[in-house]
Amino acid sequence: MIYLFIFAAALVVSAVMSRVVRDAANVRGWATGPQSARHLHERPIPRLGGIAILSAVVAVVGVALGAASVFHWHYVFSSTTLLGLLGPTLLIFGLGLADDFRPLGPYVKFGVQILAACWLYVDGYGVTRLQLLFGDRKLGTVAELALTVFWVLLITNAFNLLDGLDGLASGSALFASMVVFVVALVNGDALTQVVTIALAGAIVGFLRYNFNPATIFLGDCGSLVIGFVLSAVSLASSEKAPTAVAVAIPVVSFGLPILDTLMAVLRRFLNRRPLFRPDGEHIHHKLLQRGLSHRQAVVVLYAVSACFALASLPLLSPQSGTIAVVLAIVGLGIFFGLQHLGYDEVDELARVARRTWEQKSIISNNLAIRRAKDELGRAKSVEEICEVLKAAFRENDFDGFEFSFSPEVPGWPGMLDGSGPVRYAWTRDEGTANTGWALRMDLVSAAGEVRGTFAVNRGYTTRALRSDIDCLTDGFAAALCAALQRTSARRGAAPLAMGVLGEKSILDDAASVA
């Protein structure tokens, strides 16, 4: 009942303050219009929603603290602990407010956030254990501080990056704050219980004006504060957790903003773009590109946030293997979801993963081509050359090969229409005769004369080619040309016309063919 009162009070205060701040900002001209193609609003809208949310949370939590000491309510917590959270939070709020009026550089913003994270650590909020990796052993001061700063920076900026659609960041924060509230109830963390339920109420009150079509935005003073507070209280609550879920629950419950942030970093890294340069390829942008309306995209991502929140709750009472099962399900859901959104980076990473998994076959195929290159230097006849090539490509991913060679005509154009004196074609079977693509290389003599061509071909398949083209382009054609030139000169007879139908070869003298 007490928590319901706190929630309702924060909701009312936030709703009233949101309207007051919005109207005051519009009167004073503190509204911001679209500044780039990434911004989806069409008219100036105030970016000061953080004022309403923070004032509602501070007011309600302050009243709750006073009431707890007067009426001796069971959730009593010390004012010192609350001030330890409030001080760095106000620093982050000031940073966001300054950025809303005059954009700051990324290094200034990160510098202030690191300072706030260090302040938070000194006040007793920090990562002191990492049971998922190191068991119940406490970490050293340097490791604790580094992990605390990393966590605070990740979550703070994750919610800031997610703030791209009306109501998206605030709605996602609502689900995350409710999960942290439940965890705090289980762990008996009074301060986190009060702060998160007040934050949830403040967000709901603010969403009245922030949901599409929004009349006020969170702004950096809102998204940074929400992310910072959630990162801090999740640390405080996790310290009371007895198992590895201290790490797993916050990571899973903050799944959407964390995922969007990691994808942004990965996307810019793989495309060699500056890390701090904004782009229009966030998850919500991808949904809009697939034809969803603004509201539909937000509702879909609310559902995703709810799924992350629900997935984290079984970790409150983990049984054997629960963490592994939950993380596996979440991981698969993320993978298929990102593929459905059409991220080319995900497809590339999947290709690299498949190639790594198939590396044994790739190495085997590459070695067959390299061995064939060496054996061509020892071949004594054109027939042996053909057998060497068949042995190399029979177990490979290529469907066939062919070559044409003219041992005596300098500057021969190397056409594959039968005009060359020596021609050989091999296909794996008759069904692969019509190839989807071919790699064709000139057969160039040591004197630099084009004597013919060599081509490998393959039908279009869903499986990637399990061979490296470099093995063919790195001297293979030169070795074949040298072998054909040597054996043709040694033969001293009429040139040969050769062909293969499936695995059944036809080898005849040109004269008899004629």
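The values are calculated or read from the model by the stated rules, or taken from the named source; none is laboratory data. Model, not experiment: these values are computed from the prediction. Ideal geometry is used to build each Cβ from the backbone, glycine not excepted, and the neighbour counts take in all protein chains shown.
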Legend entry - Test result for L287, farther than 30 Å from R463 by Cβ, surrounded by 15 or more Cβ atoms within 10 Å (Cβ to Cβ) and at pLDDT below 90: no
Inset, instruction - Could you check, for the range 413-428, whether at least one of its residues is modelled with pLDDT under 85, in contact with a Leu (Cβ under 6 Å, 6 or more places away or on another chain) and surrounded by 15 or more Cβ atoms within 10 Å (Cβ to Cβ)? - result: yes
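Condition check ((1) β-branched (V, I, T); (2) at pLDDT below 95; (3) part of a helix (DSSP H, G or I); (4) more than 22 Å from D99 (Cα to Cα)) across all residues:
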position: Y3; (1), (2), (3), (4): no, yes, yes, yes
position: A15; (1), (2), (3), (4): no, no, yes, yes
position: A25; (1), (2), (3), (4): no, yes, yes, no
position: H39; (1), (2), (3), (4): no, yes, no, no
Legend entry - Unique residue being farther than 30 Å from V108 by Cβ, touching a residue at least 12 places away in the same chain (Cβ under 8 Å) and of a type in the set (D, E, K, R) when the list is R370, R267: R370
Inset, instruction - Please list, ordered by first then second residue, the pairs with beta carbon atoms under 6 Å, 6 or more apart or interchain, first in the range 128-157 and more than 22 Å from V229 (Cβ to Cβ), second modelled with pLDDT of 65 or more and of a type in the set (S, T, N, Q). - result: K138/T128
Inset, instruction - Exactly one condition in (1) assigned by TED's automatic domain parsing to the domain that holds F393; (2) in contact with a helix residue (DSSP H, G or I) (Cβ under 9 Å, 6 or more places away or on another chain) is not met by I283; state its number. - result: (1)
Legend entry - Residue count, the range 95-109 (criterion: exposed (fewer than 14 other Cβ atoms within 10 Å of the Cβ), in a helix (DSSP H, G or I) and not β-branched (V, I, T)): 2
Inset, instruction - Please find, within the range 119-170, the residue that is modelled with the lowest pLDDT out of those that are of a type in the set (S, T, Y) and assigned to a loop (DSSP other than H, G, I, E, B). - result: T128
Legend entry - Tally, over the range 174-191, of residues that are at pLDDT 85 or above and either touching a Leu at 6+ places or on another chain (Cβ under 9 Å) or crowded, with 24+ Cβ neighbours inside 10 Å (or both): 11
